[in-house]
């Protein structure tokens with residue numbers, strides 16, 4: 001499998017074999033984009049114009065605040081707020097678009113779209129990558145359906161049905177496991193199982209693991 005600047009991030013994510021690869025992809029993109037705009041790019045006029053126009057969602061404002069870049073964030077938000085208060089008076093429609101937008105979310109969406117396209121092309125053309133994808137721990141239901149719907153003859157002439165089958169089966173298998181964990185965890189509060197040490201060992205973290213699966217966060 002030929003690895004270049006486009007395929008390397010996708011290959012690296014699948015090599016981790018931990019959790020949902022697409023969730024991991026989103027987290028990786030979020031980290032990179034957040035670090036980027038709080039770094040040298042923060043002083044680039046073109047970037048500041050776009051962050052002023054597109055704004056930030058609440059989650060990403062908090063995400064940036066948690067970074068060790070308080071001055072950079074303060075400077076970036078000051079120009080964003082200054083333009084927002086101007087538009088609120090002179091162009092309410094534009095102000096509404098900014099308040100409902102997010103520079104970081106938009107870049108994650110675009111970056112993920114490009115990486116998923118690369119994923120599909122790799123699956124079609126590389127037996128090595130197909131094996132790597134098939135060895136994934138699981139795909140969360142949301143991303144399994146996203147990949148299922150994205151796969152098709154535009155990127156995959158021969159293997160799209162195999163790909164669709166794989167992502168759905170992996171999501172279904174994980175859902176079965178999560179359901180079993182939740183049932184086991186619930187039994188820990190049942191008086192009839194209060195002395196069952198095996199149940200406790202196997203399912204004490206059943207709820208935590210289920211929440212991690214549903215949120216994609218550990």
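Throughout, read-outs are computed from the coordinates displayed, never taken from laboratory work. These numbers were taken from a predicted model, which means no experiment stands behind them. Positions of Cβ are generated from backbone atoms using ideal geometry, with glycine treated the same way; all protein chains shown enter the neighbour counts.
Numbers at a glance
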quantity: The chain, helix-only ellipticity at 222 nm - DSSP H runs n ≥ 4, -39,500 (n - 2.57), divided by all residues, nearest 500; calculated: -23000 deg cm²/dmol
quantity: Residues residue 177 and residue 157, FRET efficiency given R0 of 41 Å [Cβ-Cβ distance, rounded to 0.05]; calculated: 0.80
quantity: The chain: most fluctuating residue of 192, 87, 117 per GNM, C-alpha cutoff 10 Å; calculated: 192
quantity: Extension gain from residue 110 to residue 36, taking 0.36 nm per residue of separation minus the Cα-Cα distance; calculated: 25.1 nm
quantity: For peptides 90-96, 158-164, sequence by mean Cβ density within 10 Å, most packed first; calculated: 158-164, 90-96
quantity: Net length gained if the chain between residue 89 and residue 168 were fully extended (0.36 nm per residue, minus Cα distance); calculated: 23.5 nm
quantity: Order of 47, 37 - criterion: other Cβ atoms within 10 Å of each residue's Cβ, fewest first; calculated: 47, 37
quantity: Pairwise centroid distance, computed over Cα atoms, of region 100-126 with region 17-50, Å; calculated: 13 Å
quantity: Additional length obtainable on full extension of the chain from residue 53 to residue 149, 0.36 nm per residue less Cα span; calculated: 31.4 nm
quantity: Convex hull of Cα atoms in region 8-137, direction-averaged projection (nm²); calculated: 9.1 nm²
quantity: Residue 15 paired with residue 46, simple spin-label distance in nm, labels 7 Å along Cα-to-beta-carbon; calculated: 3.1 nm
quantity: Residue order, fewest to most surrounding Cβ atoms within 10 angstrom, among 203, 191, 148; calculated: 191, 148, 203
